[in-house]
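The structure appears right after this line, and notes come after that.
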Amino acid sequence: MSVRQRQNGDVRVDAAAPSLWSSVREAVRGSHQDFTTGSLNRAILLLAIPMVLEMVLESLFAVVDVFWVSRLGSGAVATVGLTESLLTLVGAVGLGLSLSTTAMVARRIGEKDATGAAVAGAQAVFIGFGVSLLVGIPGFFYGPELLRLMGASPQVVAAGSGYARIALGGSGALLFLYLNNAIFRGAGDAAVAMRLLWVANIINLVLDPCLIFGLGPFPKLGVTGAALATFTGRSIGVLYQFYRLLRGTERIRILRSQLRANWQVLGRLLRVSLTGIVQFAIATTSWIGLVRIISVFGSDALAGYTIAIRILIFAMMPSWGLSNAAATLVGQNLGARKPERAQISVWRTGFYNMVFLGTIGAFFLIFATPTVRLFTHDPAVVPLAAAALRLFSYGNIGYAYGMVMMQAFNGAGDTVTPTVVNFFGFWLLEIPLAYFLAIRTGMHANGVYVSVVIAECAVAGAGVVLFRRGRWKGKKI
């Protein structure tokens with residue numbers, strides 16, 4: 001059996017390597033491979049497949065909601081869009097905590113320190129409980145007021161207050177879905193994270209139409225039912241996550257004795273997390289600013305944006321899975337003192353991501369209108385949503401490299417670099433440009449979408465340049 005090895009990345013190509021189909025089955029079932037050795041392409045495949053499926057399943061929450069809610073009219077869709085824009089702040093906290101958790105757990109796994117990985121995971125859970133209370137309680141009581149601040153009409157506030165209260169008040173479930181799955185991903189247990197979302201999504205898929213339209217014994221709750229269905233599915237998924245963490249997997253298990261504060265680890269995790277939270281807060285608050293600009297043009301424009309962005313996010317979720325795989329590979333290989341292997345994994349993942357998203361972008365450019373019609377037949381909304389989807393798709397290659405580069409820095413524990421890049425790209429470029437194009441030049445909502453494409457491509461370019469400098473290789477965590 002002949003084996004070729006590249007010393008700069010410990011990348012092996014084995015003539016007797018497993019077939020593609022057997023690798024896919026292993027990835028879905030759960031792989032026990034050491035991702036710091038052996039074929040790098042196979043490592044990417046084994047991590048990426050369950051992470052891609054995990055991201056697709058997570059996005060199903062949003063797609064299923066908007067599919068059923070769109071039957072209630074543009075006002076209901078606008079409610080979902082405005083509330084989800086606020087939830088992006090919770091997502092920013094969850095993603096900030098998650099990236100630092102993934103980085104720290106992956107680094108310990110790469111160092112073959114399973115106990116240290118479990119302790120890091122336990123500290124992340126402690127932080128998650130505190131943040132859930134701080135965000136959820138105000139969100140429940142002030143949901144309608146937050147809708148008004150986002151520019152919702154009185155009719156939208158009246159119909160959507162229940163949705164906003166449940167979605168924002170129960171945001172802790174969303175936070176823990178991010179956080180606990182980050183522990184599994186950092187450990188390399190991507191298949192476990194994927195299966196957890198299967199449970200949550202099946203529940204949401206069943207409950208959504210039942211609670212929205214009052215099928216069978218269920219009450220007819222309208223748009224509020226969508227929020228309740230999603231909260232129920234996510235909450236049950238989170239309970240299953242905790243069960244698996246305490247029961248243990250092949251790679252990580254949190255013992256009950258470890259469920260106490262370790263101030264040294266907690267402090268390190270918080271330091272990295274705070275920068276990570278700021279990083280995603282910059283990105284997500286820019287989206288809130290964009291939605292606020294779009295709201296000037298009415299409910300139809302908001303509904304068109306909401307449908308287009310849900311479709312785009314759903315299509316891009318596999319790319320997030322690939323990016324998360326890159327983060328895990330960077331963290332584990334840095335822990336194993338193989339920085340060149342970590343670097344090669346990022347370039348390869350970025351290329352695969354570009355091919356995938358480039359194909360998706362071409363599809364949407366051609367079939368934007370038929371795709372939008374799967375979600376709505378409103379003659380006022382369809383052309384607006386189709387135009388948004390086409391314009392967003394022009395930036396797909398930029399999105400592809402940008403998300404992989406940013407996650408590569410995060411996987412190394414360098415959350416500062418992506419934060420600075422996001423600040424310049426989104427706050428200093430995207431928001432002012434969106435206002436200028438939409439309001440000053442008369443492009444309306446289309447001006448916002450053009451600004452997004454320009455900003456995301458600028459972020460991707462900056463990420464590539466900074467990644468090539470290699471300073472992330474020396475980051476300690």
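Where a number appears in this text, it was derived from the coordinates with a stated rule and is not lab data. All values derive from a computational prediction rather than experimental measurement. Note that we place each Cβ from the backbone using ideal geometry, even for glycine, and neighbour counts take in every protein chain shown.
Here is the size of region 48-474 from its Cα atoms: Rg then Dmax, 20.6, 62 Å. Multiplying the residue separation of F126 and L239 by 0.36 nm and removing their Cα-Cα distance gives an extension gain of 39.2 nm. Annotation note: trypsin sites (Lys or Arg not before Pro) in region 226-261 located in DSSP loop regions with a Cβ neighbour count of at most 15 within 10 Å are R260.
Fully extending the segment from I366 to E111, taken as 0.36 nm per residue of separation minus the present Cα-Cα distance, adds 87.0 nm.
What angle do you read, to the nearest 10 degrees and between 0 and 90, between the alpha-carbon axis of helix 263-295 and the longest principal axis of the chain? Once rounded, the angle reads 30 degrees.
Note on K476: aspartates and glutamates with a C-alpha under 12 Å away, same-chain residues under 8 apart excluded, are D414. Counting neighbouring Cβ atoms within 10 Å and putting the fewest first, the residues L20, L391 line up as L20, L391. Annotation: the residues I360, I254, sorted from fewest to most other C-beta atoms within 10 Å of their own C-beta, follow the order I360, I254. Seen against the Cα atoms of the chain and their longest principal axis, helix 171-187 is set at about 20 degrees. Using R0 = 41 Å, the C-beta based FRET efficiency linking R440 and N41 works out to 0.25.
With both labels modelled 7 Å from their Cα along Cα-to-Cβ, the W427 to V464 distance reads 2.7 nm. Here is how the number arises for the chain: DSSP H runs of 4 or more residues each give -39500 (n - 2.57), the sum is divided by the residue count, and the result at 222 nm is -27000 deg cm²/dmol. The Cβ shell under 15 Å around G186 holds other residues with a net charge of +2, Lys and Arg each +1, Asp and Glu each -1. Relative to the dominant Cα principal axis of the chain, helix 445-469 is inclined by about 10°. Dipole magnitude for region 186-269: computed about the Cα centre from +1 point charges on Lys and Arg Cβ and -1 point charges on Asp and Glu Cβ, it is near 380 debye.
When only the Cβ of Lys, Arg, Asp and Glu is charged (+1, +1, -1, -1), the dipole of the chain relative to its Cα centre reaches about 1300 debye.
The alpha-carbon of K338 sits under 12 angstrom from the alpha-carbons of these aspartates and glutamates, leaving out residues fewer than 8 places away in its chain: D10, E111. Quick one: check the C-alpha center-to-center distance for region 301-348 versus region 358-404, whole angstrom. That distance is 20 Å.
Counting 0.36 nm for each residue step from S22 to R260 and taking away their Cα separation leaves a gain of 81.6 nm.
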